[in-house]
Number of protein chains: 4
Amino acid sequence: MGSTLFGNLKARCAADWESYVTHPFVRALGDGSLPRESFEHYLKQDYLFLIHFSRAYALSIYKSNTLADMRYAKNTLAALLDEEINLHTSFCGSWGITERQMLDEPEAAANIAYTRYVLETGNSGDLLDLQVALVPCVIGYAEVAQWLIAQPSTVLEGNPYRGWIEMYAGEEYQAVAQSASTQLDDLGGRYGASARIQSLEKIFRDATRLEIAFWQMGLDRSY
Amino acid sequence: MGSTLFGNLKARCAADWESYVTHPFVRALGDGSLPRESFEHYLKQDYLFLIHFSRAYALSIYKSNTLADMRYAKNTLAALLDEEINLHTSFCGSWGITERQMLDEPEAAANIAYTRYVLETGNSGDLLDLQVALVPCVIGYAEVAQWLIAQPSTVLEGNPYRGWIEMYAGEEYQAVAQSASTQLDDLGGRYGASARIQSLEKIFRDATRLEIAFWQMGLDRSY
Amino acid sequence: MGSTLFGNLKARCAADWESYVTHPFVRALGDGSLPRESFEHYLKQDYLFLIHFSRAYALSIYKSNTLADMRYAKNTLAALLDEEINLHTSFCGSWGITERQMLDEPEAAANIAYTRYVLETGNSGDLLDLQVALVPCVIGYAEVAQWLIAQPSTVLEGNPYRGWIEMYAGEEYQAVAQSASTQLDDLGGRYGASARIQSLEKIFRDATRLEIAFWQMGLDRSY
Amino acid sequence: MGSTLFGNLKARCAADWESYVTHPFVRALGDGSLPRESFEHYLKQDYLFLIHFSRAYALSIYKSNTLADMRYAKNTLAALLDEEINLHTSFCGSWGITERQMLDEPEAAANIAYTRYVLETGNSGDLLDLQVALVPCVIGYAEVAQWLIAQPSTVLEGNPYRGWIEMYAGEEYQAVAQSASTQLDDLGGRYGASARIQSLEKIFRDATRLEIAFWQMGLDRSY
């Protein structure tokens, strides 16, 4: 993706990006050594995350200038509210976590930091700013899973986190990430990304740093 | 609906509401005397209106505090983007108006006034403020159609606007309006409508006045 | 200003701009033939306008990425809230209009259209979008006054509107307009105006059309 | 303040409030044991905080429905942009920190969490929601300083943090906090606080928890 806007932003934030994709939380998912309590903490926070992530797509629709952009974001929003949140709830159920528990969970500071950063950046800026704040998550998870699959240290057999890895490494999610990158390039052209690259880089870097803090919150089980 | 929040707001703005529901544009739809050019002008503006109306539901999702509120608004949003806008395009096609023509149409000032008032009131205030700005449209069209059906002067046989009247007088749309009123009462309880009734009345009155201006724009074919 | 962003936008919307600057309301200010009732209607609406105009500068501060941009907008905001609104109130007082009357005045649809368009465009887009929506007013009034001064038909001696014309034609306001154009160029560079010129043109044209509707509202004394 | 809205919210979040006001960072300010590096980290982050805090007051002006509310928030905003930020810069200078250093400082996650939470809560909700998110900071700092002054463990003589403590314990800042509480009560009445107390409590609690995380960030010198 070197010639894409996403690839450009990633290259400008290479050290932070590397720390995000290869974070100890990620490595521990790959070799199965992540403490169960850390994964459960992550799962519960991720449920709350998905609610604000959905709000970010609703905000994207509000901020769109064309019906095509509105419909593109609406498809993601509907998938989140109609399917993804329910799938996540089922998945959490398989780890013994109920939806009630997740709704009662206090939002961790690292969770608030990333979700509100995305939403506030979106409110303050335009649709391109908002999408640049979102892609470290959307495309990043696809890269994390690909990276894990490629590591010798990764063990799928008997790994309790195999389902998680295979979901994001799977064709369906990889296509979602590919489509998000294509959409970002399209927006970038229309919204003057080249002339704004420094402020977009700042957004991308902050969002990536907040993703790192999110993994760390999982490891530390912090609030 | 006297004991509903909607009924309360309507009663507080009775004269404006009456002017809206029984506007000369409405009467002329009922007896079929509305000039074809006025209706076509209205239809083209209404297409642009629907785009911003969809944005208002996206904003409602962003502004929701519960998954239930998010999903409620998402259903309306999806219906608008997946169906209503296409239905409107087909309906306009039957009047010889193409989608290209509607996208090229300059937005009339009265159209901008209402749509941006709704969106800006929503941004400035909370979800209740936004919904109060929307209901004169959502519930109002159901009342307009009911009122028309009840008028001796209304003629359905051979009336070129029969399709429009029957769509809004029909069970499906009446149920939409009923549901919107119920949802407004629910929001009103949770967001402290009673203590805020004066500022909500101001929003309802302004929105109603802007609906009157919208009808007038149709009559005058103004921009 | 041909090589400025403002000059570029004006050239792209030349016909609308001409209609705005040379509107019959403007001509009638110049030769003194404007009915007193129209001017008073305009003044009362302009008071309400100034409140939302102030809100637009507050929104500009919120949307700024640098302290310098924040302070620039803050100066305008403070001038509006500390001085301009009071000056306007005094000026209206000299026409026999009280502040209470102005606060009780219903906002005309054309007034709502322009102010909410500016605010909503700002919320939906970024700081550049917001400023592009504002400059037809800020810089336009300076051009209107200059144009009036240059017309043979304009009469200052004994013209009841001489104070209004001279205020906007005066050095102080001309410098405000010049500074707004310089600031717009600066923003335009940082926010990628060249690549976004078509959507900026749409905002500028809509805002100019809504300024025309505002003059017309004055002439018609409409709500 | 037991019968104020602020007092009510504080009582509902008593345990979190206690943890905030008496946080180890605060105690270490009081007895002078706070490592200099922690205080400097805190000061640098606080500079970035003040910028977003100013944006929150700009957003308050945008979200106001009355000129009086606009002017009230404008006074705070002008004080911040014209004086407080410069005072903070001077104060930091006395600790050997330059403004350039502060502008180059990456925003810590805990800083982003609180500032963006406030701004996003404000965008999503109304003026009351926004102010409830701000008061744990505005009024909280006055309480922290009062509490410190009352502790036997607090030492002013020779304490390097004496200036900080005395600034917030001083009459001027205490009056600011008192005025903020009065303003909150006024808003609470007009915006239906009683009926919305549960969602306001959630905002107050989240904001207080994020203040705790902010102190902790100072102690840990974390990013």
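A Förster radius of 45 Å combined with the Cβ-Cβ distance from A:Asp31 to A:Glu201 puts the calculated FRET efficiency at roughly 0.85.
Please give the helix A:127-150 orientation as an angle from the longest Cα principal axis of chain A, in degrees from 0 to 90, rounded to the nearest 10. So the helix axis and the longest Cα principal axis differ by about 40 degrees. Remark: label point of D:Arg12 defined 7 Å out from Cα along the Cα-Cβ vector; separations to the same position in other copies 2.3, 4.3, 4.9 nm, ascending.
For the stretch B:96-169, GluC sites (Glu not before Pro) meeting the loop criterion (DSSP other than H, G, I, E, B) and having at most 14 other Cβ atoms within 10 Å: B:Glu157.
Summing +1 for each Lys or Arg and -1 for each Asp or Glu among the other residues whose beta-carbon sits under 11 angstrom from that of C:Arg12 gives +1. In chain C, the longest principal axis of the Cα atoms and the axis of helix C:67-79 are about 10 degrees apart. The phi-based Karplus calculation (6.51 cos²θ - 1.76 cosθ + 1.60; θ = phi - 60°) puts the 3J(HN,Hα) values of the stretch A:112-121 at 4, 4, 6, 5, 6, 4, 4, 5, 6, 4 Hz, whole numbers, x for Gly and Pro. Averaged over the residues of peptide B:127-135, the number of Cβ atoms from other protein chains lying within 10 Å of each residue's Cβ is 1. Structural descriptor for the stretch B:5-220: relative contact order 38 percent, calculated from alpha carbon pairs under 8 angstrom and at least 6 residues apart. Counting only other chain Cβ atoms within 10 Å of each residue's Cβ, the peptide C:51-58 averages 5.
So what's the gap between the Cα centers of the stretch A:155-223 and the stretch D:62-118, to the nearest angstrom? That distance is 31 Å. Modelled this way, with points 7 Å down the Cα-to-C-beta line, the labels at A:Glu84 and A:Ala14 are 3.0 nm from one another.
Computed from Cα positions, the angle between helix B:85-94 and the longest principal axis of chain B comes to roughly 10 degrees. C:Asp220 label point (Cα plus 7 Å toward Cβ) to equivalent points in the other copies: 0.1, 6.2, 6.2 nm, shortest first.
With its label point put 7 Å out from Cα toward Cβ, C:Leu156 sits 6.2, 6.9, 8.4 nm from the same residue's point in the other copies, in order from shortest. Using the Cβ of C:Ala169 as centre and a radius below 13 Å, the other residues enclosed give a net charge of -3, where K and R count +1 and D and E count -1.
Counting Lys and Arg as +1 and Asp and Glu as -1 over every other residue whose Cβ lies under 9 Å from the Cβ of D:Gln151, the net charge comes to 0. Distance from the D-onto-B rotation axis is smallest for the Cβ of the chain D residue given, in whole Å, as D:Gly192, 1.
Cα to Cα, under 12 Å, and not fewer than 8 places away if on the same chain: which aspartates and glutamates meet these conditions relative to A:Lys202? Output for A:Lys202: A:Asp16, A:Asp129, D:Asp104, D:Glu107.
The mean number of partner chain beta-carbon atoms within 10 angstrom of a residue's beta-carbon across peptide D:76-83 is 4. The alpha carbons of the stretch A:5-220 occupy a box of 47, 37, 32 Å along the principal axes, longest dimension given first. In the protein assembly as shown, the DSSP-assigned H stretches of four residues or longer account for a calculated mean residue ellipticity at 222 nm of -25000 deg cm²/dmol, using -39500 (n - 2.57) per stretch and the full residue count as denominator.
Every number here is computed from the coordinates shown, using simple stated rules; none is lab data. Values in this document were obtained by computation on a predicted structure and should not be read as measured data. Backbone-built Cβ (ideal geometry, glycine too); neighbour counts: all protein chains shown.
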